[in-house]
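The values are calculated or read from the model by the stated rules, or taken from the named source; none is laboratory data. Small disclaimer: the values here were computed from a predicted structure and weren't measured. Ideal geometry is used to build each Cβ from the backbone, glycine not excepted, and the neighbour counts take in all protein chains shown. For the accessible areas, the whole protein counts, side chains as well, though only heavy atoms, and no ligand, DNA or RNA atoms are used. Shrake-Rupley method; radii C 1.70, N 1.55, O 1.52, S 1.80 Å.
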Amino acid sequence: MFNLDYLNRALKGRSVPKEDIIATLTRFSAETIAGAIKLATKNKPQKIFLSGGGAHNPLMTRWISELLPNCTFTTTSDLGIDAMQKRAVLFAVLANEALAGGSVDFGNRSKVPSVSMGKVSFPK
């Protein structure tokens, strides 16, 4: 949904400094992340583990921490998972679960079925 075409349509031909565009997109990302965390945690204080490129973006992390003043922040490196290697760890876990795991029960959440964490498909 959000891509260069979307941005160009939103600008409607106006000339806006690149720095303002990047700042706006960063703020949008920070507010979206903070909003999702508030919704998922019912706005209760949490310890948040940051990872990926955003964890190294000082403006992004500052805004998220300002939007979530009751939360504390650190990176997944404190858990022994390099903050830049989260995706590799995630895919390793998914691969393991696809081969050795069963289904994952998401509890009694309405309309959320238990699911397999992946499938191995071989070519014919």
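Okay, here's what the table says:
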item	result
Residue that is most open to solvent (accessible area, probe 1.4 Å), among those in the range 6-33 that are under 16 Å from Ile64 (Cα atoms) and among the charged types (D, E, K, R)	Glu31
Selection from the range 34-64 of residues that are over 19 Å from Ile22 (Cα atoms) and surrounded by 15 or more Cβ atoms within 10 Å (Cβ to Cβ)	Ile37, Lys38, Gln46, Ile48, Phe49, Leu50, Ser51
Considering residues of the range 80-105 that are at pLDDT 85 or above and over 17 Å from the mean Cα position of the chain (by Cα) only, the residue surrounded by the most Cβ atoms within 10 Å (Cβ to Cβ)	Ala92
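Conditions (1) in a helix (DSSP H, G or I); (2) polar (S, T, N, Q), marked per residue:
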{"position": "Gly13", "(1), (2)": "no, no"}
{"position": "Val16", "(1), (2)": "no, no"}
{"position": "Arg27", "(1), (2)": "yes, no"}
{"position": "Ile33", "(1), (2)": "yes, no"}
{"position": "Pro45", "(1), (2)": "no, no"}
{"position": "Thr61", "(1), (2)": "yes, yes"}
{"position": "Pro69", "(1), (2)": "no, no"}
{"position": "Ile81", "(1), (2)": "no, no"}
{"position": "Arg87", "(1), (2)": "yes, no"}
